[in-house]
Amino acid sequence: MSMMDGESSQFYKNARLPLAKNVSLPGISQAAERIEMVAAGKADATIMESFIAQEYIEKNSGKIQRFGNE
């Protein structure tokens, strides 16, 4: 699971998916870097705000897909 150190997604992952392996990025990383980790196969998923992910999906059709409804 790709995430930024100290960000809310890290806390969510630790609470809900404690056995998932972390692929951490420094807190100064861009959200797109987390998505690129997934697109490159270096991480299986990432947690982020849907509007950020949607913008990436629209600009990079076919690289990743959305999981969940929120």
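Side notes on the structure shown:
- Given (1) in contact with a helix residue (DSSP H, G or I) (Cβ under 6 Å, 6 or more places away or on another chain); (2) in contact (Cβ under 8 Å) with a residue 24 or more places away in the chain, number of the condition MET37 does not satisfy: (1)
- Conditions (1) surrounded by 12 or more Cβ atoms within 10 Å (Cβ to Cβ); (2) in contact with a helix residue (DSSP H, G or I) (Cβ under 8 Å, 6 or more places away or on another chain); (3) modelled with pLDDT under 90: number failed by ALA43: (3)
- If you check SER61, SER24, SER50, SER8 for being open to solvent by 50 Å² or more (accessible area, probe 1.4 Å), of a type in the set (Gly, Ala, Ser) and under 11 Å from the mean Cα position of the chain (by Cα), only one passes: SER24.
- Within the range 10-47, the set of residues being in contact with a Lys or Arg (Cβ under 8 Å, 6 or more places away or on another chain), among the small types (Gly, Ala, Ser) and over 19 Å from GLY62 (Cβ atoms) comprises ALA20 only.
The values are calculated or read from the model by the stated rules, or taken from the named source; none is laboratory data. The structure presented is a predicted model; accordingly, all values stated were derived computationally and were not measured. Positions of Cβ are backbone-derived with ideal geometry, glycine not excepted, and every protein chain shown enters the neighbour counts. The area values use the complete protein model at the heavy-atom level, side chains included, leaving out ligands, DNA and RNA. Shrake-Rupley method; radii C 1.70, N 1.55, O 1.52, S 1.80 Å.
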